[in-house]
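Reviewing the structure listed below.
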Amino acid sequence: DAEITQSPRHKITETGRQVTLACHQTWNHNNMFWYRQDLGHGLRLIHYSYGVQDTNKGEVSDGYSVSRSNTEDLPLTLESAASSQTSVYFCASSELRAPYEQYFGPGTRLTVT
Amino acid sequence: DQQVKQNSPSLSVQEGRISILNCDYTNSMFDYFLWYKKYPAEGPTFLISISSIKDKNEDGRFTVFLNKSAKHLSLHIVPSQPGDSAVYFCAASGGGGSNYKLTFGKGTLLTVNP
């Protein structure tokens, strides 16, 4: 069965370190997204990609970057981790047809100390 | 500017009764509206959607109603079951920009008591 996976599921890192969260999907979807979920804010879009070599900033992109070298993977990099980036991160992918539902991974809980 | 709003952070209902979750939006150009359910320590899962040209969509115990003039939609769960206890997110696609991006509300925590 097709799926979307994230690794690691939990990560503790120190302020200032570079961190990369992995996202891998076997749906063969062109569209991929990264969100963060924080209490009182719901799901906020960080970055998204509509295909290989395409990346776009979302509403909370500062301090994050992504790259898309193949269809299956969209890694999220925190260039210099900050305590404000402690959150739960979700990766998602979607089809090209309506209603454009997104399929989510299980999430990565990141703690920056 | 919050384009999709879920004004009730939480809702508690008794098993067997109806649960009604509400969502308001400000952008009249949204094309589709979607509901997601999220259990703790899991990713959100798609539940049901409705096109902006419809006013009702039903799938088993779940029905979504859309009132375009009021820019309001609601999710009805009948009958509610303890396994329905989760956070429910309302989302919308389109809005004048890319159809592929979803704009999410902040979520409503539903608790169904046995």
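Mind listing, in residue-number order, the residues in the range B:44-78 that have at least 10 Å² less accessible area with every protein chain present than in their own chain alone (1.4 Å probe)?
The answer is B:44, B:46, B:49 - residues whose exposure falls by at least 10 Å² when every protein chain is included.
Could you work out the pair-distance distribution P(r) of the range B:11-92 from its alpha-carbon pairs, with 5 angstrom bin width and percents rounded to whole numbers?
It works out to 3, 15, 28, 24, 18, 10, 4, 0, in whole percents.
Of all the accessible heavy-atom surface of the protein assembly as shown, with the other protein chains kept in place and a 1.4 Å probe, what percent is carbon and sulfur?
Whole-percent figure for carbon plus sulfur exposure: 46.
Using a 1.4 angstrom probe and counting only protein chains, how large is the accessible area of residue A:96 in Å², to 10?
Counting only protein heavy atoms, the figure is 90 Å².
Can you tell me the accessible area per residue over the protein assembly as shown, all protein chains present, probe 1.4 angstrom, in square angstrom?
Result: 47 Å² per residue.
Mind listing, in residue-number order, the residues in the range A:90-113 that have at least 40 Å² less accessible area with every protein chain present than in their own chain alone (1.4 Å probe)?
Flagged in the range A:90-113: A:99, A:100, A:101, A:102, A:104.
Quickly work out the residue A:69-to-residue B:2 label distance, labels modelled 7 Å from Cα along the C-beta direction, and quote it in nm with one decimal.
4.0
Name the residues of the range A:29-43, by number, that are at least 50 Å² less accessible with every protein chain in place than in the isolated chain; the surface is that of heavy atoms, probe 1.4 Å, without ligands or nucleic acids.
A:43
How big a patch of accessible area, both sides summed and in Å² to the nearest 100, lies buried between A and B at a 1.4 Å probe?
Rounded to the nearest hundred, the buried surface is 1800 Å².
In whole percent, what relative contact order does the range A:41-113 give with Cα contacts below 8 Å and a gap of six or more residues?
For the range A:41-113, the relative contact order is 21 percent.
The values are calculated or read from the model by the stated rules, or taken from the named source; none is laboratory data. Note that the coordinates shown come from a computational prediction; the quantities given were computed from them, not determined experimentally. Reconstructed Cβ throughout: ideal geometry from the backbone, glycine too, with neighbour counts over all protein chains shown. For accessibility, only protein heavy atoms count, side chains too; no ligands or nucleic acids. Shrake-Rupley method; radii C 1.70, N 1.55, O 1.52, S 1.80 Å.
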